[in-house]
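Participant: Below is the structure I would like to discuss, written out as structure tokens.
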Amino acid sequence: MKILIVADWHGKIYAQAFFDGFRSLGHEVHKFSWKEYFYHYQYATRYKTDNHKIKSLYYRLQNKFLIGPAIQKINHDLIIKTNQMKPDMVFIYRGTHIYPNTIKMIQKNTQSKVFGYNNDDPFSISYKSYVWRYYKKSIPFYDYIFSYRWKNVEDYRHIGYKNSTLLRSYYLKENNFHIKRCPQTNTSVMLYL
């Protein structure tokens, strides 16, 4: 299968784990990352910036409130990428930045199946409403959504969406460690395998 993974691409334990997993199964896997659309991003210690405070604020506000030219460009470019690539599956990891119309256009133009995965709780009252507004409006258009917790599978069913199931934590060998009690000091010791 030809698979496009769409995500912010922060950290190796998130979208990269799916990328590596699909590839290890023999699939042709491509990535679409949106973190690069937020130049001068707030994580200057993790990503190269020119430390321009006004530019940083400009992009931070777009990323936080999901408004502005960067968000529009992400969706525009994603449609172009899928039109060119014609993937069998588009796998969107935590699709907070993706418009409902973008998903509809991908399906219409390419006949790709669009799957979603979310390790956060989009129904939690701990988040501000703007964080999940595009994601929640997009739910009916996903072909299938994987959830990290049973509560969210039930949340989806409660709003009438039935194509959801549980996908719990996955195993990453390079991140595996064993915690062992040291009998002499009665403290925990991490042993990396």
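The values are calculated or read from the model by the stated rules, or taken from the named source; none is laboratory data. Model, not experiment: these values are computed from the prediction. As a convention, Cβ positions derive from the backbone with ideal geometry for all residues, glycine included, and neighbour counts pool all protein chains shown.
Participant: Just checking, does the stretch 99-116 include any residue being out of contact with any Leu (no Cβ under 7 Å at 6 or more places or on another chain), under 16 Å from Tyr161 (Cβ atoms), without any contact (Cβ under 8 Å) to a residue 60 or more places away in the chain and aromatic (Phe, Trp, Tyr)?
Facilitator: yes
Participant: A further question on this structure: Could you tell me how many of the residues in the stretch 60-95 are within 22 Å of Tyr39 (Cα to Cα), polar (S, T, N, Q) and touching a helix residue (DSSP H, G or I) at 6+ places or on another chain (Cβ under 8 Å)?
Facilitator: So the count comes out to 3.
Participant: Filter the stretch 95-125 down to the residues that are of a type in the set (Phe, Trp, Tyr) and not in a strand (DSSP E or B), then identify the one that is nearest to Asp20 (Cα to Cα). It would help to see each step written out before you state the result.
Facilitator: Within the stretch 95-125, the first condition is being of a type in the set (Phe, Trp, Tyr), and the residues that meet it are 99, 115, 117, 123.
Next cut, not in a strand (DSSP E or B) only: 99, 123.
Details: Tyr99: 26, Phe123: 29 Å.
By that ranking, first place goes to Tyr99.
Per-residue answers, yes or no, for (1) at pLDDT below 95; (2) over 25 Å from Pro100 (Cβ atoms):
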position	(1), (2)
Tyr14	yes, no
Phe32	no, no
Tyr37	yes, no
Asn51	yes, yes
Ile54	yes, yes
Asn63	yes, no
Ile74	no, no
